[in-house]
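Trainee: Structure provided below as structure tokens; questions to follow.
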2 protein chains.
Amino acid sequence: MTTVRELAQAARAASRVLANLNTESRNQLLRAIADRLRARGSAVLQANAEDMRQGAERGLSPAMLDRLYLDPKRLAALADAVDAIAAQPDPIGQESSVQVRADGLRLARMRVPLGVIAMIYESRPNVTIDAAALCLKSGNAAILRGGSEAWYSNQALATMVQSVLSDLGLPEACVQRLPSSERSEMLELLQCAGLIDLVIPRGGEGLIRFVAANSRIPVVQHYKGVCHLFVDRDANQVTATRLLLDGKASRPGVCNALETLLVDQAIAETWLPGAAAALLARGVELRGCARTQALISAVVPAEDSDWDAEYLAPILAIRMVDDLDAALAHIALHGSQHTEVIVTDNAERAARFQREVDASAVMWNASSRFNDGGELGLGAEIGISTTKIHAYGAMGALSLTTEKWLVSGSGHVRHPDLLKP
Amino acid sequence: MTTVRELAQAARAASRVLANLNTESRNQLLRAIADRLRARGSAVLQANAEDMRQGAERGLSPAMLDRLYLDPKRLAALADAVDAIAAQPDPIGQESSVQVRADGLRLARMRVPLGVIAMIYESRPNVTIDAAALCLKSGNAAILRGGSEAWYSNQALATMVQSVLSDLGLPEACVQRLPSSERSEMLELLQCAGLIDLVIPRGGEGLIRFVAANSRIPVVQHYKGVCHLFVDRDANQVTATRLLLDGKASRPGVCNALETLLVDQAIAETWLPGAAAALLARGVELRGCARTQALISAVVPAEDSDWDAEYLAPILAIRMVDDLDAALAHIALHGSQHTEVIVTDNAERAARFQREVDASAVMWNASSRFNDGGELGLGAEIGISTTKIHAYGAMGALSLTTEKWLVSGSGHVRHPDLLKP
């Protein structure tokens, strides 16, 4: 049986093959994967039905089962996403930033793959395809470790990708899965520094902290999104309500959903009661500060922990603040560097908010839900980084690359005097 | 006494002040540091004399003492480097990659500081100033942990920087040193995840491995440079000798010096004897493969370990290879992703070498010694990364930044249907 280390070594060797494939070969590979998903989806759906059956037996929550579930429509969307990634510009191989120094030495940058990416994730089987497609697009080999609850679906999807690789004469080790979902195998994987270049965990905070604490390989971390909407005194009130409902009520279980509303006290009395009523009508529980409670009787008292909570549920924390400065201070203390929003018609305060708030995406009069690789034009995303090292925010294929220097001369040296005999 | 954690917390608070300083304020700060270095250099030189005295007593090698040594000329060069950093374009604050979607949503990127950088280094006191200047330029707070052998010099330099900060009404915590050179303090520092964004170790391999193994904070690693010069069959022989001497004999103790020469067998007989004689005349010891020894009697046999050695000394390993493919295979196995060089007049083979070799800088008819932040136009450098995460190769001020998204709309939402009452 293949050990985890042997698997990583095979990935390393395959990554050299991938790095030297030309643009068209990599795009052709992606289109073939999309076609295979369309032609042979039934095997995937059968495997998924088994995961769903076992998941129901194990008592997975409806939200979990929904994330796990695949049907022909979701498979078709997955295939379309792979085709869309194929159609994007090639992130690697081009020269950029070309400069010629006064002495004739030519400097350029060339974008290159990272090498081998290990992706560790939970539940959603579509990550298997999204991650494989983004890695292949950017010339990287992928090692995938999905959650046990999606075991059969992930197996069927990865096997399908490997069959396409094999048909095109490419190493199957370009995309591999760990042999089992044992934690010990993940730990072995995290020790393979030198063979794997980057680990990307995607899932609950517990998983991410476990990976970060145990990895000898660099990790790009995707922590929680405690996203704030700040309604400034000069907000357009209709816009404020639109963004509040879209951010809180359209899909509360995702990381770019709103968790806390900050309202400038100068606008609270005229705007907040109507906005709160709209939320309550959509089944959202409201937890607020004393000033908010004084204004709206349906608001229950917020505890200190509410200001740091990522509910991922139809619950909203509400705090009335004195002004923009107080909002900035609250976000600096409680924000999670994910997504923050200001609603205002005052361009100066908006500019200050966008400049000073430290978050991977800062919105002005736009919903927090736009912090998403697809919406930002990256095609699929491999995750949203909430730390600033290597990538900040939504990671697409470009985030799986780096640049090397190309230096070209005609015998240029730094110490010509040394050459005198 | 301040604990390491308190120091990191102070750095975090100071980083927010720095991030919001405008371009001119940060450049003014740098120019003031340069001026202070020129005006009050004698205090630094006195401190340095004490380090030199203790270093001589402790039996430091001449190379170590040379790295430690400061004189008025070196101090002046340091001040000039700070002024040069001040004169560079501002790496942060500008918007770039602006796009407006069909629906009017405006997307842009803004380059921002990382936050707090911990720099862990050995011997050379100039790193104290280079690192402080690059961090301040890019709006980051710095925590510096230099080696014990440069204790007094680093203290004098950091105190001088803090006095300038204080004179300009800025927090002294923008640039701090650890209270002592105890290893336990460094370990405490490496646990301050959430307060420190990036750790950059610079020095011997042992130090770097220790930091990487013990850090809970992302680390950009700077490992050894096992740099190769490949002389292709179509090389200009004069160019080949120039690059060989510059790469091996101009400064053997630095990471971008050559360690191994690979010679295409088709050119070896005509070129290698003369090149070897030039190296021997400059005191370089030659260790070669059997074919090299057969050609040049002064070559001693190379052991297996020679192909992975970073000598940092006047020693060169030489291997004759069949062709470009054999050279690429040797470099893939023994290269350190630092700097690799091809000498050839064949543009096609040069392009293949530059494309396929995985190194932070790949040279064609140019010396390996050009892999240097100054030579590549970055001003000073904070190190040369040999891993691809976050930065690859020479790191200047830009490598201490990242980008956030700015998204601006006029009430844009993803689910407008949700807004119907």
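The values are calculated or read from the model by the stated rules, or taken from the named source; none is laboratory data. Fair warning: this is a prediction, and the values are worked out from it, not measured in the lab. Methodologically, a virtual Cβ is constructed for each residue, glycine included, from the backbone with ideal geometry; neighbour enumeration extends over all protein chains shown.
Trainee: Suppose the filter is within 14 Å of chain B (Cβ to nearest Cβ) and buried (at least 23 other Cβ atoms within 10 Å of the Cβ); does A:VAL263 pass it?
Mentor: Against the criterion (within 14 Å of chain B (Cβ to nearest Cβ) and buried (at least 23 other Cβ atoms within 10 Å of the Cβ)), A:VAL263 does not qualify.
Each row is one residue, and each column tells you yes or no for (1) in contact with a strand residue (DSSP E or B) (Cβ under 7 Å, 6 or more places away or on another chain); (2) in the same structural domain as A:ALA212 (by TED's automatic domain parsing); (3) buried (at least 18 other Cβ atoms within 10 Å of the Cβ); (4) not small (Gly, Ala, Ser).
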| site | (1), (2), (3), (4) |
| --- | --- |
| A:ALA332 | no, no, no, no |
| A:ALA347 | no, no, no, no |
| A:ALA351 | no, no, no, no |
| A:ALA366 | yes, no, yes, no |
| A:GLU381 | yes, no, yes, yes |
| A:HIS415 | no, no, no, yes |
| A:LYS420 | no, no, no, yes |
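Results for (1) without any contact (Cβ under 8 Å) to a residue 12 or more places away in the chain; (2) over 25 Å from the mean Cα position of the chain (by Cα); (3) buried (at least 16 other Cβ atoms within 10 Å of the Cβ); (4) away from every other protein chain (no Cβ under 14 Å), shown as yes or no for each residue.
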{"residue": "B:ILE267", "(1), (2), (3), (4)": "no, yes, yes, yes"}
{"residue": "B:THR270", "(1), (2), (3), (4)": "no, yes, no, yes"}
{"residue": "B:ALA277", "(1), (2), (3), (4)": "yes, yes, no, no"}
{"residue": "B:ARG287", "(1), (2), (3), (4)": "no, yes, yes, yes"}
{"residue": "B:THR292", "(1), (2), (3), (4)": "no, yes, yes, yes"}
{"residue": "B:TYR311", "(1), (2), (3), (4)": "no, no, yes, yes"}
{"residue": "B:LEU316", "(1), (2), (3), (4)": "no, no, yes, yes"}
{"residue": "B:ALA361", "(1), (2), (3), (4)": "no, no, yes, no"}
{"residue": "B:LEU376", "(1), (2), (3), (4)": "no, no, yes, no"}
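Trainee: Let me ask you something else. Considering only residues that are more than 7 Å from chain B (Cβ to nearest Cβ) and part of a helix (DSSP H, G or I), which ones fall in segment A:363-374?
Mentor: The one that is more than 7 Å from chain B (Cβ to nearest Cβ) and part of a helix (DSSP H, G or I): A:SER368.
Trainee: Can you give me the number of residues within segment B:79-130 that are outside any strand (DSSP E or B) and either more than 13 Å from chain A (Cβ to nearest Cβ) or buried (at least 18 other Cβ atoms within 10 Å of the Cβ) (or both)?
Mentor: Qualifying residue count, segment B:79-130: 27.
Trainee: Can I ask one more? Looking at A:ALA235 and the list (1) crowded, with 21+ Cβ neighbours inside 10 Å; (2) more than 14 Å from chain B (Cβ to nearest Cβ), which single condition is not satisfied?
Mentor: Looking at each condition in turn, A:ALA235 falls short on (2).
Trainee: Somewhere in segment B:379-397, is a residue in contact (Cβ under 8 Å) with a residue 60 or more places away in the chain, assigned to a loop (DSSP other than H, G, I, E, B), facing chain A (nearest Cβ under 7 Å) and of a type in the set (Gly, Ala, Ser)?
Mentor: No: segment B:379-397 contains no residue that is in contact (Cβ under 8 Å) with a residue 60 or more places away in the chain, assigned to a loop (DSSP other than H, G, I, E, B), facing chain A (nearest Cβ under 7 Å) and of a type in the set (Gly, Ala, Ser).
Trainee: Right, next: Inspect segment B:171-190 for any residue being among the hydrophobic types (A, V, I, L, M, F, W, C) and out of contact with any strand residue (DSSP E or B) (no Cβ under 9 Å at 6 or more places or on another chain) and give the result as yes or no.
Mentor: Yes, segment B:171-190 contains a residue that is among the hydrophobic types (A, V, I, L, M, F, W, C) and out of contact with any strand residue (DSSP E or B) (no Cβ under 9 Å at 6 or more places or on another chain).
Trainee: Residues to consider are B:LEU65, B:LEU165, B:LEU144; find the one that is at pLDDT 95 or above, in a helix (DSSP H, G or I) and not basic (Lys, Arg). Break it down stepwise before answering.
Mentor: Working: B:LEU65 fails: at pLDDT 95 or above; B:LEU144 fails: in a helix (DSSP H, G or I).
Residue meeting the stated conditions: B:LEU165.
Conditions tested, residue by residue: (1) of a type in the set (Lys, Arg); (2) touching a residue at least 40 places away in the same chain (Cβ under 8 Å).
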| position | (1), (2) |
| --- | --- |
| B:GLU24 | no, no |
| B:ASP35 | no, yes |
| B:ALA39 | no, no |
| B:LEU60 | no, yes |
| B:ASP80 | no, yes |
| B:ARG101 | yes, no |
| B:LEU105 | no, yes |
| B:ALA118 | no, yes |
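Trainee: Within the group B:VAL343, B:VAL321, B:VAL357, which residue is in contact with a helix residue (DSSP H, G or I) (Cβ under 7 Å, 6 or more places away or on another chain), under 28 Å from A:LEU18 (Cβ atoms), aliphatic (A, V, I, L, M) and within 12 Å of chain A (Cβ to nearest Cβ)?
Mentor: B:VAL357
Trainee: If you don't mind, another one. Which residues, taken from segment B:398-421, are in a helix (DSSP H, G or I), of a type outside the set (D, E, K, R) and more than 23 Å from A:THR401 (Cβ to Cβ)?
Mentor: B:PRO416, B:LEU418, B:LEU419
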